[in-house]
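Here the structure comes first, spelled out in structure tokens, and everything after it is commentary.
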Amino acid sequence: MPPVSIPTIFGVHPLATTNAVLNALATLLLIAGWVFIRRGNWRAHRAAMVAAFLVSTVFLACYLTYHYLVGHVPFAGQGAARTVYFTILISHILLAVTVPVLAISMFVLALRGRWAAHRRLGRIALPIWLYVSVTGVVIYLMLYHAYPGPPAEPMMEGTAGDTASAGSISAE
């Protein structure tokens with residue numbers, strides 16, 4: 001199958017930008033959900049949190065699609081910027097794998113009416129989910145705008161994992 005040619009916007013694949021927008025939207029929804037529950041508006045809280053979960057689910061589908069189409073995108077920054085980028089990226093990845101488990105656990109607790117456990121877990125889940133959403137945007141900005149490398153070329157079928165190297169991990 002020949003490579004798929006997808007136009008870029010300012011040299012950035014549109015799905016990469018979509019991923020950043022979805023992360024930013026998830027951040028806003030999470031903050032809104034927190035504000036709503038602090039004000040005692042549980043219906044608005046529920047709506048905001050369901051929306052945040054749906055936005056994050058769409059993000060995951062777009063993220064996987066993007067990396068299937070584009071493959072690996074190396075970070076072009078050097079020196080301190082590289083250290084900062086990889087510190088953020090590694091913490092982002094490690095915490096991102098916990099978000100689906102935490103979010104689903106929160107929904108299960110809420111559906112079962114286990115409000116005390118839901119609140120306790122929320123004190124852990126919310127900061128992690130917020131950190132992952134915010135750092136997703138930061139990674140995007142660093143990778144594609146602050147330290148852009150050459151434009152990503154679409155990959156041939158079956159080669160998505162062939163270009164990754166230990167020193168050039170990337171996300172978003």
**OP:** Assess whether Pro148 counts as being surrounded by fewer than 19 Cβ atoms within 10 Å (Cβ to Cβ) and within 15 Å of the chain's Cα centre (by Cα).
**Re:** no
Subject >> In the stretch 33-52, residue nearest to Gly113 (Cα to Cα) [restricted to those that are among the hydrophobic types (A, V, I, L, M, F, W, C) and over 18 Å from the mean Cα position of the chain (by Cα)] >> reply: Trp42
**OP:** Return the only residue of Ala76, Ala20, Ala110, Ala52 being over 18 Å from Gly136 (Cβ atoms), buried (at least 16 other Cβ atoms within 10 Å of the Cβ) and in contact with a Gly (Cβ under 8 Å, 6 or more places away or on another chain).
**Re:** Ala76
Original post:
Which residue out of Leu54, Leu69, Leu89 is modelled with pLDDT of 95 or more and more than 21 Å from Ala146 (Cβ to Cβ)?
Top reply: Leu54
Original post:
How about the stretch 1-51: which of its residues are farther than 21 Å from Phe75 by Cβ, at pLDDT below 95 and not hydrophobic (A, V, I, L, M, F, W, C)?
Top reply: Pro2, Pro3, Ser5, Pro7
**OP:** May I ask you to verify whether His92 is part of a helix (DSSP H, G or I) and either within 21 Å of the chain's Cα centre (by Cα) or buried (at least 19 other Cβ atoms within 10 Å of the Cβ) (or both)?
**Re:** yes
**OP:** Looking for whichever is assigned to a helix (DSSP H, G or I) and either in contact with a Lys or Arg (Cβ under 8 Å, 6 or more places away or on another chain) or more than 19 Å from Thr98 (Cα to Cα) (or both) here; the options are Ala52, Ala44. Which one fits?
**Re:** Ala44
Original post:
What number of residues in the stretch 55-70 are closer than 22 Å to Val138 by Cβ and either assigned to a loop (DSSP other than H, G, I, E, B) or hydroxyl-bearing (Ser, Thr, Tyr) (or both)?
Top reply: 5
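The values are calculated or read from the model by the stated rules, or taken from the named source; none is laboratory data. The shown structure was predicted, so the numbers you read here are calculated from the model rather than taken from an experiment. Here Cβ is always computed from backbone atoms with ideal geometry, including for glycine, and neighbour counts include all displayed protein chains.
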